[in-house]
1. Residues in region 52-66: is at least one surrounded by fewer than 13 Cβ atoms within 10 Å (Cβ to Cβ) and either within 13 Å of the ligand (Cβ to nearest atom) or not polar (S, T, N, Q) (or both)?
2. Tell me, yes or no, whether region 26-48 has at least one residue that is over 27 Å from residue 98 (Cβ atoms), open to solvent by 40 Å² or more (accessible area, probe 1.4 Å) and either part of a strand (DSSP E or B) or among the aliphatic types (A, V, I, L, M) (or both).
3. Suppose the filter is within 14 Å of the ligand (Cβ to nearest atom), within 17 Å of residue 142 (Cα to Cα) and open to solvent by less than 40 Å² (accessible area, probe 1.4 Å); does residue 94 pass it?
4. Among the residues of region 35-49, write down those that are within 11 Å of the ligand (Cβ to nearest atom) and in contact (Cβ under 8 Å) with a residue 60 or more places away in the chain.
5. Scanning region 128-140 for residues that are in contact (Cβ under 8 Å) with a residue 60 or more places away in the chain and either open to solvent by less than 10 Å² (accessible area, probe 1.4 Å) or touching a strand residue (DSSP E or B) at 6+ places or on another chain (Cβ under 9 Å) (or both), which turns out farthest from the ligand (Cβ to nearest atom)?
6. When you look at residue 146, is it without any contact (Cβ under 8 Å) to a residue 40 or more places away in the chain, within 16 Å of the ligand (Cβ to nearest atom) and within 24 Å of residue 3 (Cβ to Cβ), yes or no?
Amino acid sequence: MSKLNIITHPSAYLRKISAPVKKRYIPLPDCQQLIGDMIETMRLSDGIGLAAPQVGKNLRIIIVLDGDKPLVFINPKLYRKSWRKVETEEGCLSIPGVWGKVKRHYAVSVTGLNQKGEKVRLRARGLLAVVFQHEVDHLDGVLFIDKAKKLNEPPKM
Ligand code: CO
């Protein structure tokens, strides 16, 4: 596994609608390598989520960190979005040094395929739900800066 270059804003990769992954592509070495490299890249960058367009692949693949476990979702779909919303200070590996408060659903259900191509679903709450929404936005060319009320530079150390 190797660390991939993270694409930073502004870039056309980050603004495209990413394509669904065909089920037969998932077991192929190319796809498995991409997923492995994405996990490695997220870890080495201290991220809690990563979407394929951020590494220059406009495919509907996201990695979300659940505690210390990376969850792979291919062709993720969000449903059962809670009425309750939460405002969280968000950042993004593709927009270094910028933070901003974004209002999102407190809880969402996610369905998609895992790294083996099996159908998976999950109910996420709190930070995990926020990360899923942030990453799925990436697949639709949406960045948190489009939704943040105001953007801040990080506090000076
Ligand atoms: Co991001």
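1. Looking for residues that are surrounded by fewer than 13 Cβ atoms within 10 Å (Cβ to Cβ) and either within 13 Å of the ligand (Cβ to nearest atom) or not polar (S, T, N, Q) (or both), one finds none in region 52-66, hence no.
2. Yes: one or more hits.
3. Working: within 14 Å of the ligand (Cβ to nearest atom): yes; within 17 Å of residue 142 (Cα to Cα): yes; open to solvent by less than 40 Å² (accessible area, probe 1.4 Å): yes.
Yes.
4. Across region 35-49, the qualifying residues are 48, 49.
5. Among them, the one singled out is 128.
6. No, not satisfied.
The values are calculated or read from the model by the stated rules, or taken from the named source; none is laboratory data. Since this is a predicted model, take the numbers as computed values, not measurements. When we count neighbours, we look across all protein chains shown, and the Cβ atoms used for this are built from the backbone with ideal geometry, even at glycine. Side chains included, ligands, DNA and RNA excluded: accessible areas come from the protein's heavy atoms. Shrake-Rupley method; radii C 1.70, N 1.55, O 1.52, S 1.80 Å.
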